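S.K.: One structure is given below, represented as C-alpha cells, and several questions about it will come after.
The values are calculated or read from the model by the stated rules, or taken from the named source; none is laboratory data. No experiment lies behind these values; they were computed from the predicted model shown. When we count neighbours, we look across all protein chains shown, and the Cβ atoms used for this are built from the backbone with ideal geometry, even at glycine. SASA here: full protein model, heavy atoms, side chains in, ligands and nucleic acids out. Shrake-Rupley method; radii C 1.70, N 1.55, O 1.52, S 1.80 Å.
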Amino acid sequence: MALLSLALARHVARGLQPLRRLCASGWLREADVDLCLRLLHPALRLNRVFAQVEARRWVADDMLAIELRCNGNARDWRAGQHVQLYLEQDGVRHGRSYSLTRVTTDGRIELAIKRQPGGRLSNRLLDRLAVGEVIELGQAFGDFAWPQEQGAVLLLAAGSGLTPLLGLLRDALARGFAAPVTLLHQVRRQGQQAFAEELQALAARHANLQVRWAFSGEVGGRLTAAQLAALPGEHLLLCGPRGFVEQACGWWCDAGRGGSLQAESFSPLPVLAEADTGEVRLRFARSGQQVSGNGNASLLEQAEASGLRPAHGCRQGICTSCTCLLLAGTVRDLRSGELFAEPNQPIRLCVSAPHGDVEIDL
Amino acid sequence: MTTRLDRELSLAELEAFGQELDALRQRTLADLGEADARYIRRVRAAVRGCCWTGRALLVLGWFPPTWLLGTLLLGLGKILENMELGHNVMHGQYDWMNDPEFAGRQYEWDIVGPADFWRHTHNHVHHTYTNVLGMDDDVGYGVVRLFPEQRWKPFYRWQPLWVTIQALLFQYAVAIQHLRLDKLVKGRISKEEVKPLARRFGAKLVRQWGKDYLAFPLLALLLGANVLAVLSGNLAANLLRNLWTFLVIFCGHFTEKAAVFAPEILEGETRGHWYLRQLRGSSNLSGGSLLHILTGNLSHQIEHHLFPDLPARRYAELAREVRLIAQRYGQHYNCGTLWGQFATVLRRIWIYRLPATGTA
C-alpha cells in the first residue's frame, strides 16, 4: 500500500539530500532508510532507481513495450541509452540491458523487450510483468546520440537494434529535425516489425522520414552491400547483432561515404570452444584498456601483466579481496571448471580465467 | 596438551581428501537459491527488529523489566548483526545473490573496526594462514600465548589479566589488529604508514560512539526520557556482544585439540594440505540451533574454515558429511560443548602464561 502517489513521492525524493549525505558518510544504513521510504511508496528509495509499470503493449509478435514511471533517482537519462532491468529469480538478482525508447521529463520511460527463445528473463517479463508492479533499474549508460552536424541521416537496425534508434528518431522529429531520414529495419519475418504502425504514422506526418523493412528470413531479403550503397544519408547510425553491425560497418567504410558513423551491437561475446585455449580479448572497463590474453591464466594475473593493480589477497579464492563484476563474456572457475556468463555477476579474479572475450569492471 | 590422534596422509590420500571436499563444496554451490536468500533477509529483519525494539524499550528509562529486556534485545541484535549477518556477508557468502545489500565487498558492519580492515586481517590473513605461527595474528592476537610452540615473553606472565581486558573490549581489539601497532613499536613500519589507517579507524570510532553514546541518548533527552538509562543500556549491549564474540572466537581455534603449524607447512601446500590444516586448526561447538544462529554458525568453525564462502546456514548439513570424511581419513574431528571447549581454552591461557610448562 502506498501512502503517497508516485508523482508526489518523486518530489519527496528530491528533498532527501541530507539523508543521502548521512548514508554516504556512514552515519545511517541506506537499506534501513530505504525500508522506511518504501512505506511511503513501494518505488521510493534513497539512491537506487525503482520504477512502477504503468502500461504494457505489444509492438510486434515478439516484442513488448512497457511504460514505466521512475522514482526521482534516474539522472539525466536520454532516449537511445541503455538501462539494466533487474529481476529476482531463485534468490538471484539478474540484470538485463534494454534500450530507452522514450524518456520524458516527468520521469516516464519506455523500454521495449524482445522475446529470447529460452531466455530466463525476457519470457518472465513478457508474460507476467503486470501493470502496477515495481521493478529495479540501474542508471542509464551509453552514448549513442543523434548527429550534431547537418545532413541526411540513415538508420540501420536489425531485430531489437531498432529500440535505441527509435528513441533517438522520436526525439529528433519532435525537435523538428528537417533533413531527410531513412530508417531500414531488418527482421527475420513478417510480424516482427516492431512499432510498425507508429513508424508509418510518423512517416505520414513527417515528409522527410522514409521507413523500409527487410526480411532476412526470406530469399534475397537480407541487406546487401549494393542495397546499402543505394540508401541515402551522410550520417549512419547502426544497431543490431554483432555480425550485422560488423558487416554493415565494413560496407559503409569500403564505400568511402564519409559523414559520421555510430554503431552498437548487442550479441554476447564469443565463447571459447571446449579445450581451445587460444587468444582472447580482455576489456577492463574502468581503466579503459583492451588487451589480448589467453584462456589459461587467471584474470588477476593477466590484469597485472597488463599493468593494472587490482585489489587482491590470498590469490586462491578464499578471501574475496579481488571480487569484481563480470560485465560481459564467459569466465571459467579454475577450481571447478564451471562456466559463468551472467552479466554483472561478481567473480573472483584470482580463480577465474577468461573463456572467450570478456569485459571486467576493473 | 596437544593430544590429537591424526593419521598422516600420503600424497595420494591428500589429493583424494581434497577432491571429496571440493565435490561437497560444488554440490552445495549448485543447490544455493531461494531458501538461502530468504534466510539472510530474515536474519536482517531479525537484526532490525531486535535493535529497534531494544532501543525503543530503553527510552522507557530505568524500569527494570524494560531496561533489562531492551538491553538484551539490543545486545542480541548487535550479536546477530556482527556474526550471522556481517561476518557471513563479508565473507562473500551471499555474493551470488547479486544484491548490493549483501555484497561482501561493500558491507559495513555495526562495530568499531572498519569493514575493510577486517576483510584484510580476517578474510585474507586469518583464513589463508589459519593457525600458522607468525603468519596468523589471530593466534593469541599478540597478547596471549596459547601454544607451547609460541616463544615465551615475560609479558605473558600476566596474560589471564590481559585476556580479561581483551574480552571486555573485544571489538576494539579486533579493530586495531589492522593498525599493526606492534610493528610500529618495534620500528618495522613507519608512522606514515599507520597514519591513514588510524584516521579511518578514528572516523569509524567517532561514528559508532556518536550513534550509541551521543545520538540515541540525545534522542532520549528530546523525548524527555532518561539519558543515563539509554547510555548505560547501549554500553551494556556492546559489552554483552564483546564477551559473547570473544567466547565464540576463542573457542574456534584455541581449544585443547586445536593444532598450530610452523610456517614451513606453507611451502608447496596443495589444496588437500590446505583443507587438512583448516580441519586440524579449527574446533566446533555442539549444541542446538539457537547456539548455531547466535554464533553466526561459527559453532561450525571447521566447516567455516573449509568453505568460508558458502552460506553459513549450510554448515550444519555439511558438518555431517565432513565428520564422516574426517573419520574415513583418520582425522580427529574437534567438537565439544561450548563450556567444555571454553574450559580447555582457559586452561591453555593459564598454563602457557609460564615458560616451563611447554612440554607438549
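S.K.: Can you sort B:C335, A:C23 by solvent-accessible area, 1.4 Å probe, largest first?
M.R.: Values: B:C335 50, A:C23 20 Å².
Sorted by accessible area, descending: B:C335, A:C23.
S.K.: Report the gain in length on full extension from B:R157 to B:L266: 0.36 nm times residue separation, minus Cα-Cα distance, nm rounded to one decimal. It would help to have the intermediate numbers written out before the result.
M.R.: Details: separation 109, 0.36 × 109 = 39.24 nm, distance 3.07 nm.
So the extension gain works out to 36.2 nm.
S.K.: What is the local net charge at A:S122, summed over the other residues whose Cβ is closer than 14 Å to its Cβ (Lys, Arg +1; Asp, Glu -1)?
M.R.: Details: positive: A:R56, A:R96, A:K114, A:R115, A:R120, A:R124, A:R128; negative: A:D61, A:D62, A:D127.
Overall, the nearby charge balance is +4.
S.K.: Using only Cα atoms, figure out Rg for chain A and give it as a multiple of 2.2 N^0.38 Å. Write down the numbers at each step before the final one.
M.R.: Working: Rg = 22.4 Å, N = 362, 2.2 N^0.38 = 20.6 Å.
Here the Cα radius of gyration is 1.08 times the empirical estimate.
S.K.: Using only the alpha carbons of region B:1-125, determine the length spanned along each of the three principal axes and report them from longest to shortest in whole angstroms.
M.R.: Per principal axis, max minus min of the Cα coordinates gives 65, 44, 27 Å.
S.K.: Compute a Gaussian network model of chain B, connecting alpha carbons closer than 10 Å, and tell me which residue from B:A237, B:A167, B:A343 fluctuates the most.
M.R.: Of B:A237, B:A167, B:A343, the most mobile in the Gaussian network model is B:A343.
S.K.: Could I ask something else about it? Under the Karplus relation 6.51 cos²θ - 1.76 cosθ + 1.60, θ = phi - 60°, what is the ordered set of whole-Hz ³J(HN,Hα) values for region B:201-215, x standing for Gly and Pro?
M.R.: Taking θ as phi minus 60°, the curve returns 4, x, 4, 5, 4, 4, 5, 5, 5, x, 6, 6, 10, 10, 4 Hz for region B:201-215.
S.K.: Here's something else I'd like to know. Identify all aspartates and glutamates with a Cα-Cα distance to B:K257 below 15 Å; exclude those on the same chain that are fewer than 8 residues away in sequence.
M.R.: B:D6, B:E149
S.K.: Rounded, prolate or oblate, given the Cα gyration tensor of region A:295-347, with a/c below 1.5 counting as rounded? Let's see the in-between values first.
M.R.: On the way: a/c = 1.40, a/b = 1.29, b/c = 1.08.
Judged from the Cα gyration tensor, region A:295-347 comes out rounded (a/c under 1.5).
S.K.: Given the options B:L318, B:Y329, B:I293, identify the residue whose Cα lies farthest towards the positive end of the charge dipole of region B:287-360 (+1 on Cβ of Lys, Arg; -1 on Cβ of Asp, Glu).
M.R.: Selected residue: B:Y329.
S.K.: Whats the longest run of chain A with zero GluC sites (Glu not before Pro) that are DSSP loop and have at most 10 other Cβ atoms within 10 Å? Write down the numbers at each step before the final one.
M.R.: Working: sites that count: A:E149, A:E274.
Free of exposed loop sites, the longest segment is A:1-148.
S.K.: Place +1 on the Cβ of every Lys and Arg and -1 on the Cβ of every Asp and Glu in region B:70-151, take the dipole about the Cα centre, and give the residue among B:H122, B:Q150, B:Q93 whose Cα lies farthest towards its positive end.
M.R.: B:Q150
S.K.: Then there's this: If exposed trypsin sites (Lys or Arg not before Pro) are those in a DSSP loop with at most 13 other Cβ within 10 Å, what is the longest stretch of chain A that has none? Can you show the working numbers first?
M.R.: Numbers: sites that count: A:R75, A:R175, A:R189, A:R286.
Between exposed loop sites, the widest span is A:76-174.
S.K.: Relative to the longest principal axis of the C-alpha atoms of chain B, give the angle of the C-alpha long axis of helix B:11-31, reported between 0 and 90° and rounded to the nearest 10°.
M.R.: The two axes meet at around 40 degrees.
S.K.: Considering amide H positions built from the backbone, and no H for Pro or chain starts, which residues 5 or more places from B:N284, or on another chain, come under 5 Å of its amide H?
M.R.: B:I302, B:N334, B:C335, B:G336
S.K.: Go through the cysteines of chain A and tell me which have no other cysteine Cβ under 4.7 Å away.
M.R.: So, A:C23, A:C36, A:C70, A:C239, A:C249, A:C253, A:C322, A:C324, A:C350.
S.K.: Separate question: Given the Cα atoms of region B:184-242, and with Rh set as the inverse mean 1/r over their pairs in the Kirkwood sense, what is Rg to Rh to two decimals?
M.R.: Rounded to two decimals, Rg/Rh equals 1.23.
S.K.: A follow-up question, please. For B:K78, give me every one of the lysines with a C-alpha distance below 30 angstrom, ignoring sequence neighbours fewer than eight places off in its own chain.
M.R.: Candidates past the 8-residue exclusion: B:K195, B:K204, B:K211.
S.K.: Taking the inverse of the average 1/r across all pairs of different Cα atoms in the protein assembly as shown, what Kirkwood radius in Å do you get?
M.R.: Numbers: mean 1/r = 0.0344 Å⁻¹.
The Cα-based Kirkwood calculation yields 29.1 Å.
S.K.: Counting other C-beta atoms within 10 Å, and keeping those with at most 13, which DSSP coil trypsin sites (Lys or Arg not before Pro) do you find in region B:88-170?
M.R.: Working: sites: B:R105, B:R119, B:R145, B:R151, B:R157; in loops: B:R105, B:R145, B:R151.
Sites meeting the loop and neighbour criteria: B:R151.
S.K.: Taking a ≥ b ≥ c as the square roots of the eigenvalues of the Cα gyration tensor of region A:147-294, is the shape rounded (a/c under 1.5), prolate (a/b larger than b/c) or oblate?
M.R.: On the way: a/c = 2.00, a/b = 1.62, b/c = 1.23.
Judged from the Cα gyration tensor, region A:147-294 comes out prolate (a/c at least 1.5, a/b above b/c).
S.K.: Can you grab the distance from the C-alpha centre of region A:207-275 to the C-alpha centre of region B:205-272, Å, no decimals?
M.R.: 61 Å
S.K.: Taking all pairs of different Cα atoms in chain B, averaging 1/r and flipping that mean, what Kirkwood radius in angstroms comes out? Provide the component values of the computation, followed by the final result.
M.R.: Working: mean 1/r = 0.0463 Å⁻¹.
Evaluated on chain B, it is 21.6 Å.
S.K.: Set the Förster radius R0 to 25 Å, insert the Cβ-Cβ distance between A:T224 and A:A152 as r into 1/(1 + (r/R0)^6), and round the FRET efficiency to 0.05. Could you put the intermediate results ahead of the total?
M.R.: Details: r = 21 Å, r/R0 = 0.82.
Working from the Cβ atoms, E equals 0.75.
S.K.: Cα-based Rg of region A:226-362 per 2.2 N^0.38 Å, rounded to two decimals?
M.R.: Working: Rg = 18.2 Å, N = 137, 2.2 N^0.38 = 14.3 Å.
Relative to the rule-of-thumb radius for its length, region A:226-362 sits at 1.27.
S.K.: For region B:98-152, just list the percent of Cα-Cα distances falling in each 5 Å bin from zero outward, please.
M.R.: Histogram of Cα-Cα distances, whole percents per bin: 4, 18, 21, 18, 16, 10, 7, 4, 2, 0.
S.K.: Can I ask one more? At 0.36 nm per residue, and after removing the present C-alpha to C-alpha distance, how many nm does the segment from B:D6 to B:R347 gain when stretched out fully? Can you show the working numbers first?
M.R.: Working: separation 341, 0.36 × 341 = 122.76 nm, distance 2.23 nm.
Computed gain between B:D6 and B:R347 is 120.5 nm.
S.K.: Could you tell me the relative contact order of chain A? Use alpha-carbon pairs under 8 Å, at least six residues apart, and round to a whole percent. Can you show the working numbers first?
M.R.: Details: 744 pairs, mean separation 41.4, N = 362.
Value for chain A: 11 percent.
S.K.: So if I average 1/r over every pair of distinct C-alpha atoms in region B:218-288 and take the inverse, what Kirkwood radius in Å does that give? Don't skip to the answer; put the middle values down first.
M.R.: Values: mean 1/r = 0.0624 Å⁻¹.
Every distinct Cα pair counted, the radius reaches 16.0 Å.
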